[in-house]
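Trainee: Questions regarding the structure given below will be posed in turn.
The values are calculated or read from the model by the stated rules, or taken from the named source; none is laboratory data. As the structure is a prediction and not an experimental result, all values here were calculated from the model. Cβ coordinates were reconstructed from backbone atoms using ideal geometry, including for glycine residues, and neighbour counts include every protein chain displayed. Note: areas computed on protein heavy atoms with side chains; ligands, DNA, RNA excluded. Shrake-Rupley method; radii C 1.70, N 1.55, O 1.52, S 1.80 Å.
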Amino acid sequence: KQWYQRRVRGAIFQQQGSTWILQLQAMQGMVGNFEVKPDQMQIFNPLLILVLIPTFEMVVYPLMKKIGIPTTPMVRIVSGMVLTALSFVIAAIVQTQIEARLDTYNTIHSTNYTFNELHLEANEFLRENQVHRLALIPQIFVLTCGEIMCSITGLEFAYAYAPVSMKSVCQSLLLLSNSVGNFLVIIFKKATSNYVEMFIMWAGLQMVGVVLIVVICLVMQGPLEEFKAAAAASASRKYATKMTGKENHDSDEKS
């Protein structure tokens, strides 16, 4: 389940450095005399991660438990995937506003500019009345929340349930799956050139993943818990045997 989740989430997360950058290039970024460049907006993700990781651990998860919402790995991962899908719904809404303002400009000035022409440096005048680049902060925030709930929980899940000899391998496979996500971007990018449709498509793919993850979790949760309990019991027996052998050895030496 983690393999599928990481591949789709990896593909979606990579949009921050591709389609979201193209979206930012079509927007205006002046704050007074300073211009917020499209690439500079990527700083919000790592900053939010630094702030939100302790916030989730000390505030969000305890609050969820207090009001009766479980914080099991399944709930965290599914919630994170839903938030990731929601971030692309927000991106689609922002995109409709960008295109609506462009249509208004074309109507008033009897022109026929397209969205792709907003990226051209020579057409900077088209971006003067466009949506501001800081309007992408909500979708970056929601995506970051989804990333924290999915990625960190996924690594914890892999470490908790994997056999001792496979813990590092399982976690490395989770990270390797991000590269597969990059290939998915190449494949699905050809599906449509319309950005609104593209963002909705990614949100839909993530929700398909949500359904699959829920089904797999419901089927596998019981066996996984049994395996975890058996592994813990085996580790306890080995530790007890080791300690008993050590005590006997110490007694023999004293004798």
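Trainee: Could you give the nm distance between label points at Gln97 and Tyr61, where each point is 7 Å from its Cα heading toward the beta carbon?
Mentor: The modelled label-to-label distance comes out at 3.4 nm.
Trainee: Where Rh is the Kirkwood radius over the Cα pairs of region 88-218, the temperature 4 °C and the viscosity 1.567 mPa s, what D in µm²/s does Stokes-Einstein return?
Mentor: Numbers: Rh = 18.0 Å.
Translational diffusion coefficient: 72 µm²/s.
Trainee: Turning to a different aspect of this structure: Using a probe radius of 1.4 Å on heavy atoms only, what accessible surface per residue do you get for region 46-157? Whole Å² is fine. Provide the component values of the computation, followed by the final result.
Mentor: Working: 5620 Å² over 112 residues.
For region 46-157, the solvent-accessible area averages 50 Å² per residue.
Trainee: Rounded to the nearest Å, what's the spacing between the alpha carbon centres of region 89-131 and region 193-219? Just the number, please.
Mentor: Spelled out, the Cα-based centre of one part sits 28 Å from the other.
Trainee: Can I ask one more? So which of Lys37/Lys189; Lys66/Lys167; Lys167/Lys190 end up more than 30 Å apart by C-alpha?
Mentor: The answer is Lys66/Lys167; Lys167/Lys190.
Trainee: Could you order peptides 75-88, 107-120 by the average number of other Cβ atoms within 10 Å of their residues, highest first? Mind showing how you got there, number by number?
Mentor: Numbers: 75-88: 22.8, 107-120: 12.2.
Per-residue mean Cβ counts within 10 Å order the peptides as 75-88, 107-120.
Trainee: With all protein chains present, calculate the accessible area of Ile216 using a 1.4 Å probe and round the result to the nearest 10 Å².
Mentor: 70 Å²
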